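Step one of this worksheet: look at the structure below.
Readers should treat all values here as calculations from the given coordinates under stated rules, not as data from a laboratory. Given the structure is predicted, the values throughout are model-derived calculations rather than measurements. Counting neighbours? That spans all protein chains shown, and the Cβs are built from the backbone with ideal geometry, glycine included.
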Amino acid sequence: MIGKLIIAAILTGLISGFFITFYELLITFLTYFIFMGDPFETVPTLPVWYIYAVPTIAIFLVNYLASKDQNIREYGVNEIAESITQNKMILKVKTLFLKIIASALSLSSGFPVGTEGPSAGIGAMIAYQIHKIFKLPTMLVKMMISVGASSGIAAIFVSPITGIAFAIENIAYQFIKQYITYLILASVIAFAISINFLEPIVFKHSLGRSINNEYIVANLIFVPFITLFIYFYLFLKKKLLHFIDLEIFKKFSKYRNHIFALIGGSVVGTILLVEPHAAFSGKAIVMNLINQETHIPLMFIFTVIILRIVGTTVAIYSNAVGGIFLPLMSIGALIGYGFGEMLSMYQFPVEPFYFAAIGASVFMGVIMKLPLTAVILAMETTLDYNVVIATGVSVVLVEYFSNLYFNIRKRYATKAEKRQKERD
């Protein structure tokens with residue numbers, strides 16, 4: 001049995017690494033094809049009607065594919081595992097390819113969703129198929145799905161430890177003592193493949209391994225600052241859009257997906273016209289904006305923050321196939337960078353890139369309830385003890401303050417979706 005599990009983990013890592021690399025490169029190809037070049041450069045030159053048509057047509061196609069196979073929709077890894085073990089879900093090879101196509105359409109057309117959710121799902125599907133081929137015991141389905149999810153995350157983030165932490169916090173905690181070795185094996189192999197083709201997220205301007213006590217006051221001020229933005233994000237999603245979903249569309253529940261798809265396409269089209277950097281997954285923001293040496297105007301930063309928050313919440317309701325891990329990271333990075341720039345304006349000696357790294361990890365960690373992943377992500381993207389310590393303290397305090405008013409959950413299903421499931 002142990003020999004089978006080792007071979008299954010190796011195969012999961014190998015296949016996931018190549019599939020995730022293909023998936024990421026497909027998104028890049030489609031993006032350049034649809035927008036006739038780099039969208040950050042070509043969008044201002046394209047007709048307005050075309051900018052609105054691209055995301056609208058794409059999201060209707062995604063919803064059409066979802067109507068043919070509901071399993072391509074974005075589910076939590078734990079939910080996938082529970083559904084499979086209870087015989088409520090069967091993942092076919094066809095589902096794997098449809099999910100890749102639906103997610104690539106969502107991301108390449110400008111929807112601000114991430115690649116990590118589909119990557120975890122793709123890895124889980126691959127692991128499930130390997131579980132079937134090897135005829136492993138049913139009790140190991142969850143473990144294999146954990147292995148697949150961690151390898152998918154490790155590959156897309158080009159970061160093996162983040163993939164392992166993600167799997168542990170989402171699904172594999174009950175298996176940690178028995179099966180951590182297989183998680184490590186698959187994650188490291190998938191990472192080894194993806195690093196040859198993809199670029200990792202790295203905050204290049206971190207301060208290093210020495211502890212800078214001058215940042216203590218700034219770190220404490222940053223806690224309420226980022227908490228305000230988390231409140232805004234949660235208010236927009238849980239109050240405004242839930243009201244639209246439950247009250248305005250109460251009589252039109254049959255056409256809910258079509259109406260939200262139209263709204264989503266219109267919102268993303270508008271975002272592309274106002275500021276293209278506020279669309280797409282957000283990786284370009286972290287890679288190209290946060291790591292550059294020049295200062296970024298505060299007006300630009302906060303405009304992109306607001307647009308990304310609106311776009312991400314609308315994308316979720318529009319059924320865009322993609323995760324929120326990376327979009328939340330990009331929002332947090334911009335919040336942190338803007339905070340650092342504001343303090344610098346008042347002669348407070350802080351480095352904006354430092355708070356960008358903290359903000360990226362904290363915003364994602366609090367919204368997705370992944371504190372351990374947040375701390376490990378901070379370490380892997382910066383190798384800076386200042387960032388890791390500040391992230392660890394901030395993610396706990398900000399989560400506490402956020403929970404005073406909002407009940408944050410890992411599952412992001414609307415009540416309308418739950419009622420539909422109950423009817424089904």
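Placing one equal scatterer on every Cα of the range 256-415 and applying the Debye formula, the log10 ratio I(q)/I(0) at q = 0.08, 0.17, 0.21 Å⁻¹ is -0.24, -1.04, -1.39. Mind giving me the FRET efficiency for Ala192 and Phe29? R0 is 22 Å, r the Cβ-Cβ distance, nearest 0.05 is fine. Efficiency at R0 = 22 Å is approximately 0.40. Listed peptides 274-282, 323-331 appear in the order 323-331, 274-282 once ranked by packing, highest mean of other Cβ atoms within 10 Å at the front. For the pair the range 36-64 / the range 261-337, the C-alpha centres are spaced 16 Å from each other. Derived scalar couplings between HN and Hα for the range 111-125 equal 5, x, 10, x, 8, 6, x, x, 5, 5, x, 4, x, 5, 5 Hz in order, rounded to whole Hz, by the Karplus curve 6.51 cos²θ - 1.76 cosθ + 1.60 (θ = phi - 60°), x for Gly and Pro.
One decimal place: the segment Leu220-Lys4 gains 72.8 nm when fully extended, by the rule 0.36 nm per residue minus the C-alpha distance. Derived scalar couplings between HN and Hα for the range 99-110 equal 5, 4, 5, 4, 5, 4, 5, 4, 6, 6, 8, x Hz in order, rounded to whole Hz, by the Karplus curve 6.51 cos²θ - 1.76 cosθ + 1.60 (θ = phi - 60°), x for Gly and Pro.
In this structure the amide hydrogen of Lys369, modeled in the peptide plane, comes within under 5 Å of no amide hydrogen from residues 5 or more places off or on another chain. Close amide H pairs (under 5 Å, H built 1.01 Å from N) link Gly323 with Gly114, Thr115, Glu116, Gly117, residues at least 5 positions away or on another chain.
Between the amide H of Phe111 and those of Phe280, distances stay under 5 Å, these residues lying 5 or more places away or on another chain, with hydrogens modeled in the peptide plane. Working ranking of peptides 153-159, 381-387, 123-129 by packing, defined as the average number of other Cβ atoms within 10 Å per residue, highest first, is 153-159, 123-129, 381-387.
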